[in-house]
Structure formats: structure tokens, C-alpha cells
1. Can you tell me how many residues in region 339-364 are in a loop (DSSP other than H, G, I, E, B), closer than 25 Å to residue 217 by Cα and not small (Gly, Ala, Ser)?
2. Out of all the residues in region 308-320, is one or more in contact (Cβ under 8 Å) with a residue 40 or more places away in the chain and either closer than 30 Å to residue 172 by Cα or in contact with a Pro (Cβ under 8 Å, 6 or more places away or on another chain) (or both)?
3. Can you pull out every residue in region 213-271 that is over 19 Å from residue 309 (Cβ atoms) and of a type in the set (Lys, Arg)?
4. I'd like to know if region 134-143 contains one or more residues that are open to solvent by less than 40 Å² (accessible area, probe 1.4 Å) and either out of contact with any helix residue (DSSP H, G or I) (no Cβ under 8 Å at 6 or more places or on another chain) or in contact (Cβ under 8 Å) with a residue 40 or more places away in the chain (or both).
5. Consider residue 137 carefully, then state whether it is polar (S, T, N, Q) and assigned to a loop (DSSP other than H, G, I, E, B).
6. Tell me which residues, restricted to region 157-194, are surrounded by fewer than 17 Cβ atoms within 10 Å (Cβ to Cβ), within 18 Å of residue 352 (Cβ to Cβ) and in contact with a Gly (Cβ under 8 Å, 6 or more places away or on another chain).
7. Would you pick out the residues in region 237-294 that are among the acidic types (Asp, Glu) and either open to solvent by less than 20 Å² (accessible area, probe 1.4 Å) or at pLDDT below 95 (or both)?
Amino acid sequence: MLRSNCCISVRPYTAKQPSFHRLHHPISSSLSSGRITLHGGDGSVSSFRLRDLVFVVNPQGANGRTAKEWKKLLPYLRTRLGKDCNIKEYLTSGPSHAIDITREAIRDGADAVIAVGGDGTLHEVVNGFFWEGKPVSNLNGEASHSAALGLIPLGTGSDFARTFGWDNDPCEAVERIARGVRSSVDVGVIDHKGSDLHYFINVADVHLSAKAGFYASKYKKFGSLCYVIGALQAFMGHHNRDMRIKVNGGEWEIYPQVTALCVGNAKYFGGGMKITPNAVPGNGNLEVVVLQDFKWYDFILKLHTLYNGTHLSVNNVSSRSVQSIEIEEVSESGSIYVQSDGEHLGFLPRKFQVLPGAIDMIIS
């Protein structure tokens, strides 16, 4: 069992409803057991489990701003949700901690695990929904119960939230969680022979953009400017490379002089670039966008198209919808960067594929 930094157990609500409804029966509450007993007018007795919401907070997110914003949000969170559920808060202490917290929360029967932070925190929480290639399940014997994924975007980029048109308004995010409307979303999975599977919910990318993301992570103290600094550093010594790709298990194809290749489950990355504009997180496909033979000045001249999503009409940019794609470098230098959701994963080769409807997410 996990130990939380803050656990608030308060008056419950009618379980298993997508929205919150107050109970109109006399209630006898057992805070230690997490269950309530309802006494009906006919003398009947029934029991309902309190709804457990687990908030996974990265206090170091956005150069410490996440912790400050979370502290300010807590009073409103308690007021809005505290009468209906158990609120459990866990602060992460380092890399991969959110993965472990999420797995334990799901096994303990949490109704939802909510990532509080940026795309990096969301990325770890998503990976916590899986273990050894399979979805994590609760250990309480409730086969019909599954944990939902939630998000309060308080990070540097919060690019995944942009696909749904969500503002960086934490109070609005709390309202979404209160309404509790779920929808199945796809998840991307990355396979590298000899390594564990890795999952992503937003965008995975290869070569220049992945290298830029690797450097950007070192400058998070500069906020969104870190993406510009990372891109400038990545351009130093950059060379376009020939790559082989295999789509949906078909034949290998050669893509010469690849500058960057992006695999999108959602639309945005890099602090607001609409890199895979046709990606939809629930359509069972990934969108692959390939930039070829770009020079440094091409990015400067065409940067606005990357932000507004019109770059698909630019020369040397192509897009296709896939269920899976394998990517190798022709020269096999072992130096082509790979990242997903802003997290550095190593180097090519890699296989990317979609898991349709893999997670239920609170979206409205």
C-alpha cells in the first residue's frame, strides 16, 4: 500500500456515476475502511465504496512553479471534490517515481489517477498504467472496475492538453474531474529489442527534434524558451540521415536525408508546435510526419507553419496514417536520437505502434 503525503477522507457520493450526485439517505461513514453504509427508509442496508482519486504531483515541474500552483489549488480542490471522494496526494521524488505510484494506486483500486504537472509527469503516469506489456489491474477482485487517467496541466509545455483545447487553468481541470466524463484514448508503444516496452500518449520523434528535446530538458529553468535553446544547440553539427521505414508490417522503404520524423498520437509538441495536425488520440491510428532535407534556414523561414500546422503543404514534408512503423538508420551510426513525450529514450532502431482505446481518460 502506498503512503500519501496528504489523505483526506470525507463525506461520500453515489458510487459509479460519471458526475457527482449527493445522497439523500442518512449516512453512516467509516473513514478507516473507505466505505459508507446507507440506511434506507425500509430498513434496508447497502454499502458503497468511496471514490479514490489519486493526484500525482511533480513538485519540481516548471522549475518549481507546479508545487506553488498546486498548493494554491488545494483549497479549491478540497471544496469542490472533498465531499464526494477520498483525495490522495503523492509528491514525486525523482525520475520514474510517478510510474511506481500509479501502478500501486491502480492495484489498490483507485478510480482515477490524475497527473499534476507537465507532459513529462503525464508520460510517467501513462507508463504506470502498464506492467510487462500488459495493463495494470486492481487486486480487489472487481473485474468491472478500471482506473481512469486525469490531467491537471501545470507544467512547462502541457502540449497534450492543447489537442483537447484545454487551457492551463487548474480550476477548469478540477471541474473536468468533478464531471468525470470518460472517453477511451489510444496509447503509443515503443519496442526496442532487448528492452522493456515504453508507452507514450502525445508525440514520439526521431533525429533533430528528438535531439532538440534532449537539450531542451537541460534548460527547463528558462521556461518555454528552453525549446528554442534546445533547437539551436541541436542544429550545431546536425546532419540529415537516410532512413529505412516499414509501415504496418509491409516492405521496407528508403527515406533519404531525413531531418526529423514525428509519430503523433496527439497534435502538439515542443511548446506549442502543431507537428502532427491530423492526429486524433482516439481514432486507432498514429500520424507520421517526415521532414526531409531541411537546412537551418528552412526552420527559420517555415517556423510559423510548424506552429499553425500548415507545414504539411511545404516541400519535403510528408504525412501518413499508420498502425505501426519501424524505423532504422541506413548507415547504422547509432547516433539518431529518439524521444517520446519529451523524454529521451536512446537511439534508433525502434518500432512504434498504436494500442487503440488502451486507457479511459477524463476528458470533460
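The values are calculated or read from the model by the stated rules, or taken from the named source; none is laboratory data. The model shown is predicted, which means the values in this text are computed figures rather than measured ones. Every residue, glycine among them, receives a Cβ derived from its backbone with ideal geometry; neighbour counts consider all protein chains shown. Heavy atoms of the whole protein, side chains included, go into the accessibility calculation; ligands, DNA and RNA do not. Shrake-Rupley method; radii C 1.70, N 1.55, O 1.52, S 1.80 Å.
1. First, the residues of region 339-364 that are in a loop (DSSP other than H, G, I, E, B): 341-342, 348-349, 363-364.
Then drop every residue that is not closer than 25 Å to residue 217 by Cα, which leaves 341-342, 348-349.
With the extra rule that they be not small (Gly, Ala, Ser), the set shrinks to 341, 348-349.
Residues in region 339-364 being in a loop (DSSP other than H, G, I, E, B), closer than 25 Å to residue 217 by Cα and not small (Gly, Ala, Ser): 3 in total.
2. So far as region 308-320 goes, yes, one or more of its residues are in contact (Cβ under 8 Å) with a residue 40 or more places away in the chain and either closer than 30 Å to residue 172 by Cα or in contact with a Pro (Cβ under 8 Å, 6 or more places away or on another chain) (or both).
3. Those that are over 19 Å from residue 309 (Cβ atoms) and of a type in the set (Lys, Arg): 218, 220, 221, 241, 244, 246.
4. Step one: list which residues in region 134-143 are open to solvent by less than 40 Å² (accessible area, probe 1.4 Å), which gives 136, 138.
Then keep just the ones that are either out of contact with any helix residue (DSSP H, G or I) (no Cβ under 8 Å at 6 or more places or on another chain) or in contact (Cβ under 8 Å) with a residue 40 or more places away in the chain (or both); that gives none.
The answer is no, given that none of the residues of region 134-143 is open to solvent by less than 40 Å² (accessible area, probe 1.4 Å) and either out of contact with any helix residue (DSSP H, G or I) (no Cβ under 8 Å at 6 or more places or on another chain) or in contact (Cβ under 8 Å) with a residue 40 or more places away in the chain (or both).
5. On the way: polar (S, T, N, Q): yes; assigned to a loop (DSSP other than H, G, I, E, B): yes.
The answer is yes for residue 137.
6. 192
7. Taking region 237-294 and keeping what is among the acidic types (Asp, Glu), we get 242, 251, 253, 287, 293.
Across region 237-294, the qualifying residue is only 287.
One line per residue, one yes/no per condition, for (1) open to solvent by 20 Å² or more (accessible area, probe 1.4 Å); (2) farther than 14 Å from residue 52 by Cβ; (3) touching a residue at least 40 places away in the same chain (Cβ under 8 Å):
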{"position": "65", "(1), (2), (3)": "yes, yes, yes"}
{"position": "71", "(1), (2), (3)": "yes, yes, no"}
{"position": "80", "(1), (2), (3)": "yes, yes, yes"}
{"position": "86", "(1), (2), (3)": "no, no, yes"}
{"position": "91", "(1), (2), (3)": "yes, yes, yes"}
{"position": "96", "(1), (2), (3)": "yes, yes, no"}
{"position": "108", "(1), (2), (3)": "yes, no, yes"}
